[in-house]
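Asks: Next up is a structure, given as structure tokens.
Coordinate-derived values only; no laboratory data. Since the model is a prediction, treat every value here as computed from it, not as a measurement. Note that we place each Cβ from the backbone using ideal geometry, even for glycine, and neighbour counts take in every protein chain shown.
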Amino acid sequence: MVGAAAAAEKRARTEDAAAAASGSRLFEPYRALGYIASSVAHSVQYRGQAAFVTTGIGRSFHVYDAEKIRLLFVGPQFAADVCSVLSVGDETFVSAGGRVAVCRRGRRVGELRDVGRGEISGLAHFGDYVLGISEDNAVVVWERGSREVFTELEFESEAFRVTAVVHPSTYVNKIVVGSAQGAMQVWNIQTRRCLYAFGALGSAIGCLAQAPALDVLAVGLVDGRVVLHNIKQDRAVMQLAQEGRVTAVAFRTDDVPMMATANDSGDVALWDLDSRRLAHVIQGAHDAAVAGMDFLTGQPLLLTSSADNSIKEWLFDGHDGVPRLLRQRSGHFGPPQLIRYHGGDGRSILSAGRDRALRLFSVFRDEQSGELSQGALAREARLRRVGMGALRLPPVTHFASSTAMSRDWDDVLTCHQGSRQAHTWSAARRALGQYTLTSPDESLVRAAAISACGHFGLLGLASGAIEMVNMQSGLFRRTFAGHTKPVTGIHADACNLRLYSCALDGTLRAWDFATGAQAACIQLPAAASRMAMHADGGLLACACDDACVRVVDAESLRVVRTFAGHRSRITDLAFSSDGRWVVTGSLDSTVRTWDLPTGHMVDWFRTESVPVSVAFSPTGDFLATAHMDSVGIFLWANRTQFADVSLRQIDPASDGSDSGVLGAALVPLPTSAGLAAGDDDSETGPAAAPASAGEAGDSGVYLAPEQLTDNMVTLSALPRSKWQTLLNLATIKRRNMPEKAPRAPEQAPFFLPTVAGVEHRFDLGDTSSGKAKDSSEADAGGAHGSSKIISVSAESALARVLLRARETMAYAAVFDYLKELNPSAVDAEIRSLPVDDGLRAIRAFIAAVTAQLRAKRDFELAQAYLQVFLGVFADVLKAQAAELGPALEELRAECRSQWATVDGLIRYSACMVEFMRTAK
């Protein structure tokens, strides 16, 4: 017994290791929210009158419709981060990891020939060529059609470090190359010769752009100057200067002489080229360096993208030439610190990030996502001449929301880092609310909560007090005093009877909601840094500083479960919608799921980035996570919603390591395309479908085998109608037979034939013969249909399967074939077995049924097929009894043996049910 127990334990550990290696048992990577743009310059392409914008995001790219900035396509995942994108016609060229991929409509269709020169940046095009700047200081030219290398122009890094390249309009086979030394050169790519070298401009060249005027290029320099240079005459036409490094230059193309330049601080300067003066500066257009900028062809629209994870469109519709923000798409440009689902439908997620922004993300419609406004920060910044970042509220450290009274007043309450004030917000209006709540004792606000009814807000202070505020009027109503250290978590029950709080003093307290008096208090073994509540289940979960989760019964205030296993501080925790699981994230980079009924850990996985916040959808379909160095929100599908998942206890230290995290599988984060991070062309990763039952079992999904043991009689998994209809097929056909045969209506022919001769007579001979012929055919068909055995000239499909199975002795293939047919087809196949082949097919069928019964599989199907077979071939079997006798005797013995087993089980079950029914 000891040996058997050890073997079972070893087998369980092996299964756990296999499941961990394949990924999470419970959660499947679904998609990432909040990725819009990056520091990679965007590319604009035109298809007719429509414009499309391609942006690089991490290891993929997005394609947006410029009219509404609506996401159209998401590119595949590449092995490395995207460093440059270029859209030409219906093709998108993406440089990542030293290779340039070719994509159409978000799908990879090819690749430019690899040159082995490291990263390729600054992709540009002209005509049938694609240009790229290689990491080893060369300009590589590819032919678009053949995707082969046309030529390579090499430079010496010390004398001429390439930073930008552009094709001047109307210049055949010529490009202009800019350098970090401030010099430019004109090259002919056909002859690979340098045609002309310009003098140095005194600063490194950051970008080059073609001006509307021929022969004129705009040269953006690192020192902030923009030089309009005539390359034909080699002279500067105009020189302008802005603050900061020039990162992008663009010209209007709607007959307005205007140039726009951007810098690394996020400002956009607009220049009047006629008067050669600065017309306007959009201060704080972006919160980071502007990566790309374009005027849409023939339109007064300026499109900008930035490393602050946003795309913006500016419309010039005023007489003063000052643009206004027309539309934008943006996400966090600082990693989110806290995420929570807003509302009970699971469609929206509130997120607070390090970028001092509070955002509302739509789970299903990206265009509905946006930032909650903090007021007219742009106007205030212009008046005070400061950046918009200085006017934002401090980062949100904790918030709470409730949709119960969203139509009447503010429904979000936030507390901020190092602030004595809390703020109300309206998620419906997506704006800052009307109340700023200052703590009465001037201590910092550390935690926030809103009652289930939506009428009261609760603020946990650093002094240990809890203040109740009326959300409608903003007035303080009651104080709950008792904690001696900062409050870290507050929750109210669903009926506003009790309030629960935890603090760094290590206590968990229950308060009377109406009077503010303390109802109960327990001392936890360690201070709680986070608290979550499942109101329907009456449970509280506290994440303590000793890396343990303690679940407390809210009614008795007793610890009912203790979950230990994390190797570092727990960052956040959440209940599942049904209250069965507690999901936790920790600084050990693991996300773990704990099962409350059993008290065991049932799932865990590890991510490359530390999870800082977790939230479970109210509908139970998704788990949302936020990570330390990622600006997106990642959704994980709950596998139990669409598959059978077998949950087993997992020992966190089963790997035997000191870290305790090596046993968890490293799962890539979801991407915008809805896949785990990795190349879309491969079938690897947790998102790939299992190829076999064994692989599915290793991933944690239990698939029932066809037969549990060899000694157990097993029925098929087919519906009962399959074999019941087969047994009653003759009755069903008689019942469905019409009472009278359908008759075609008598119709006069188009013309009546006549008999040749003097007299005019109709020829009726053909008609009568045709009728006679039809009746004879009908009689023949009826006689054929009444036959038991269908005579066919060619060998039937079932006969071929039987003979092949008899040669290989693998009779299971016969039943696999019959299972795919409907009852009528099975009946026809059995009736069509030939009897003129020396009874080979008959013998094979008897052997197949005998083998299936002996294997104790598909018992009811074998009996049904056998009944049809005996009803059709009874006469043949009687006539050939001497020859088929041994095989039939073996079949009879096997039938009796298996039926004895089944009959015994049926009688035993019937007796047991009757006994339980009559027992008192």
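Asks: Please tell me which of these pairs span more than 18 angstrom C-alpha to C-alpha: 733/878; 733/819; 68/312?
Replies: On the way: 733/878 28 Å; 733/819 21 Å; 68/312 11 Å.
Exceeds cut-off: 733/878; 733/819.
Asks: Rounded to the nearest 20 Debye, what is the dipole magnitude of region 39-154 about its Cα centre when Lys and Arg each give +1 and Asp and Glu each give -1 at the C-beta? Let's see the in-between values first.
Replies: Numbers: 13 positive and 15 negative charges, 126 e Å.
Approximately 600 debye in magnitude.
Asks: Just report the Cα centroid separation between region 551-604 and region 853-920, whole Å.
Replies: 53
Asks: Considering the zone a paramagnetic label at residue 649 would reach in this model (a point 7 Å from Cα along the Cα-to-Cβ line), which residues of region 540-568 have amide N under 20 Å from it?
Replies: Within reach of a label on residue 649, which here means backbone N under 20 Å from a point 7 Å along Cα→Cβ, region 540-568 contributes 548-551, 560-567.
Asks: Which value in nm describes the separation of the simple spin-label points at residue 195 and residue 729, placed 7 Å from the Cα toward the beta carbon?
Replies: Each label point is offset 7 Å from its Cα along the Cβ direction, giving 8.2 nm.
Asks: How far, in nm, would the chain grow between residue 430 and residue 709 when pulled straight, counting 0.36 nm per residue and subtracting the alpha carbon separation? Write down the numbers at each step before the final one.
Replies: Working: separation 279, 0.36 × 279 = 100.44 nm, distance 6.13 nm.
Contour length minus the Cα-Cα distance gives 94.3 nm.
Asks: Also, quick follow-up: Net charge within 14 Å of residue 153 by Cβ-Cβ distance, Lys/Arg positive one each and Asp/Glu negative one each, not counting residue 153 itself?
Replies: Values: positive: 117, 161, 174, 192, 193; negative: 136, 152, 154, 156.
Summing Lys/Arg as +1 and Asp/Glu as -1 gives +1.
Asks: Would you calculate, for the chain, the mean residue ellipticity at 222 nm contributed by helices, counting each DSSP H stretch of 4 or more residues as -39,500 (n - 2.57) and dividing by all residues, to the nearest 500? Mind showing how you got there, number by number?
Replies: Numbers: 12 runs with 175 residues, N = 920.
For the chain, the value works out to -6000 deg cm²/dmol.
Asks: With 10 angstrom as the radius, rank 312, 819, 878 by how many other C-beta atoms surround their C-beta, starting from the fewest. Each step should come with its number before you reach the end.
Replies: Numbers: 312 23, 819 14, 878 9.
Least to most surrounded, the residues fall as 878, 819, 312.
Asks: For residue 405 and residue 718, what is the calculated FRET efficiency with R₀ set at 45 Å and r taken between the beta-carbons, to the nearest 0.05? Display every interim value, and only then the final one.
Replies: Numbers: r = 55 Å, r/R0 = 1.22.
The calculated FRET efficiency here is 0.25.
Asks: Based on the Cβ-Cβ distance from residue 553 to residue 915, what FRET efficiency comes out when R0 is 51 Å, to the nearest 0.05? Don't skip to the answer; put the middle values down first.
Replies: Details: r = 40 Å, r/R0 = 0.78.
Between residue 553 and residue 915 the formula returns 0.80.
Asks: Treat the count of other C-beta atoms within 10 Å as a stand-in for reagent exposure and order 313, 555 from fewest to most.
Replies: Numbers: 313 21, 555 12.
Least to most surrounded, the residues fall as 555, 313.
Asks: Right, something else. What is the packing order of peptides 325-334, 144-153, taking the mean over residues of other C-beta atoms within 10 Å and listing the highest first?
Replies: Details: 325-334: 19.8, 144-153: 14.6.
With the highest mean Cβ count within 10 Å placed first, the list reads 325-334, 144-153.
Asks: Separation between the residue 642 and residue 223 pseudo-spin-labels, each 7 Å from Cα along Cα→Cβ, expressed in nm?
Replies: Placing both labels 7 Å along Cα→Cβ, they lie 6.0 nm apart.
Asks: Something else: Tell me, what are the semi-axes, in whole angstrom and largest first, of the equivalent ellipsoid of region 39-154 as set by the roots of 5 times the Cα gyration tensor eigenvalues?
Replies: Numbers: eigenvalues 105, 47, 28 Å².
After diagonalising the Cα gyration tensor, the semi-axes are 23, 15, 12 Å.
Asks: Round to the nearest 0.05 the FRET efficiency obtained for residue 812 and residue 345 when R0 = 60 Å and r is the Cβ-Cβ distance. List each step's numbers first, then the result.
Replies: Details: r = 49 Å, r/R0 = 0.82.
Approximately 0.75, to the nearest 0.05.
Asks: Tell me which DSSP H helices of the chain clear both cut-offs, 18 Å or more of axial length from alpha-carbon atoms and a mean Kyte-Doolittle hydropathy of at least -0.5.
Replies: Numbers: long enough: 2-22 (30 Å, -0.06); 765-785 (30 Å, -1.13); 840-854 (21 Å, 0.74); 859-879 (28 Å, 1.13); 881-918 (54 Å, 0.01).
Helices passing the filter in the chain: 2-22, 840-854, 859-879, 881-918.
Asks: Also, quick follow-up: Points 7 angstrom from Cα along the Cβ direction at residue 277 and residue 253: gap in nanometres?
Replies: According to this spin-label approximation, the distance is 3.0 nm.
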